[in-house]
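K.L.:
So that we are looking at the same thing, I have put the structure below in structure tokens.
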Amino acid sequence: MEIRNETLSTDFILLGLFSGMKHTRLLVSVVLLIYTIAITGNTTLIFLIWVDPHLHTSMYFLLSQLSLIDLAFISSIVPKMMVNFFSGKKNISLVGCGTQIFFTLTLGIAECLLLTLMAYDRYVAICNPLKYSIIISPRVSQRMAIGSWVGGTLASLAHTAYAMHFPLCGPRELHNFFCEVKAILKLSCEDISAYEKGVVVTSIVVVLLPVSFILTTYILIFLQVLRINSHEGRKKALATCSSHLTVVIFYYGPAMLIYMRPGSSHTPILNQALFMFDTILTPMLNPIIYSLRNREVVDSMKKVMEVVHSK
């Protein structure tokens, strides 16, 4: 019994999202529906890009990487959330918590980097189309994807290792629905002001600078689009850009409010809502946005459906 109590004392308790709610089962059903749609949508998009030769371009390769990140992102959070709910437990082990922090940070930062590189891809495609296949070759797009994953992994490894080494005081209760760095740091016994400054610097590097780069890129893109004489050409250029820009707003908006808003640590309920939008809703919305706004993806889907029905 002593061993069991000692083991449980090292666990964290996740209090967020479902605690104190009257209609918990309805919320659980909604989250499960969102998870199912996200898995189906992203898997379908990856499959279409893989099987359709017309989609074997750098733009769609990067899009398939975005879907892969979204699949892993939502899967690193929702299954554990559901296990805790249906088992009636709210605990997560120290190792499990550290692992979840590592994966969510890796995937979150990788998505930030990938969305930035996708903006550059659109810039080259519209502003320098004759040299697009040379500048954004398959090898370059592969390096973009690898750079996003590696950058996310290295930054996450540093933050996870440093955040988890702090001694913790008091009850290990996290006011969130998953293990997150800021929630862990609130339990620390030591002065973490130096580390918090490091978090701000990281936020500037992976959030503010990419947003500034993306905005600059799109200003140049829109100026170039205005020079296109063909109405159909302008429409096609804006369609591919609007999908990416919408995804950027949905992803970076909540991230900036969480990590760069003064006093954000004092609004746990608002933070939970923003985290839910970023980690659960956005992975569901991304494939829908790209599918509905992209004619080539819709045409590819129709071809696959025709093949399936013919059999």
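The values are calculated or read from the model by the stated rules, or taken from the named source; none is laboratory data. On a predicted model such as this, the values are computed, not experimentally measured, just so you know. Every residue, glycine among them, receives a Cβ derived from its backbone with ideal geometry; neighbour counts consider all protein chains shown. These accessible areas exclude ligands, DNA and RNA; they are computed on the full protein's heavy atoms, side chains included. Shrake-Rupley method; radii C 1.70, N 1.55, O 1.52, S 1.80 Å.
K.L.:
Within the chain, which DSSP H helices have Cα atoms that stretch 30 Å or more along the helix axis and a mean Kyte-Doolittle hydropathy of at least 0.5?
P.N.:
24-51, 94-127
K.L.:
With all protein chains present, how much of the accessible area of the stretch 11-302 (probe radius 1.4 Å) comes from carbon and sulfur, to the nearest whole percent?
P.N.:
That share works out to 70 percent.
K.L.:
While we're looking at this one, here's another question. Amide H to amide H under 5 Å from Glu173: which residues, 5+ apart in sequence or cross-chain, H placed 1.01 Å off N in plane?
P.N.:
Under 5 Å from the amide H of Glu173: Ile13.
K.L.:
Of Ala161, Ile49, Phe177, which is farthest towards the positive pole of the chain's charge dipole, taken about the Cα centre with +1 and -1 on the beta-carbons of Lys, Arg and Asp, Glu respectively?
P.N.:
Ile49
K.L.:
Under 1.5 on a/c is rounded, so check that first for the stretch 197-311, then, if it is not, pick prolate when a/b is larger than b/c and oblate when it is not; a ≥ b ≥ c are the square roots of the alpha carbon gyration tensor eigenvalues.
P.N.:
Because a/c hits 1.5 or more and a/b fails to exceed b/c, the stretch 197-311 counts as oblate.
K.L.:
In the chain, which cysteines lack any other cysteine Cβ under 4.7 Å from their own?
P.N.:
So far as the 4.7 Å Cβ criterion goes, Cys112, Cys127, Cys241 stand without a partner in the chain.
K.L.:
Quick check: with the 1.4 Å probe, what order do Glu306, Glu296, Glu111 take by accessible area, largest first?
P.N.:
Result of the area sort, largest leading: Glu306, Glu296, Glu111.
K.L.:
A further question on this structure: About the Cα centre of the chain, what is the dipole size in debye to 20, counting +1 per Lys and Arg Cβ and -1 per Asp and Glu Cβ, all else neutral?
P.N.:
780 debye
K.L.:
Turning to a different aspect of this structure: Please label the shape of the chain as rounded, prolate or oblate, based on the square roots a ≥ b ≥ c of the eigenvalues of the alpha-carbon gyration tensor (a/c under 1.5 means rounded; beyond that, a/b larger than b/c means prolate, else oblate).
P.N.:
prolate
K.L.:
I've got another one for you. Determine, for the stretch 11-302, the count of lysine pairs separated by eight or more sequence positions (or lying on different chains) whose alpha-carbon distance falls under 15 Å.
P.N.:
So the count of such lysine pairs works out to 4.
K.L.:
Quick one: which of 217-230, 54-67, 73-86 comes out on top by average Cβ neighbours within 10 Å, and what's the full order, highest first?
P.N.:
Sorting 217-230, 54-67, 73-86 by mean packing, highest first, produces 54-67, 73-86, 217-230.
K.L.:
For the stretch 144-251, what are Rg and Dmax over the alpha carbons, in angstrom?
P.N.:
Expressed in Å, the Cα Rg and Dmax of the stretch 144-251 come to 20.3, 66.
K.L.:
Could you do me a favour and compute the accessible area per residue for the stretch 107-153, 1.4 Å probe, result in Å²?
P.N.:
45 Å²
K.L.:
Does the stretch 37-86 classify as rounded, prolate or oblate by the C-alpha gyration tensor (a ≥ b ≥ c root eigenvalues; a/c under 1.5 gives rounded; else a/b over b/c gives prolate, otherwise oblate)?
P.N.:
Taking the square roots of the gyration eigenvalues as a ≥ b ≥ c, the stretch 37-86 is prolate.
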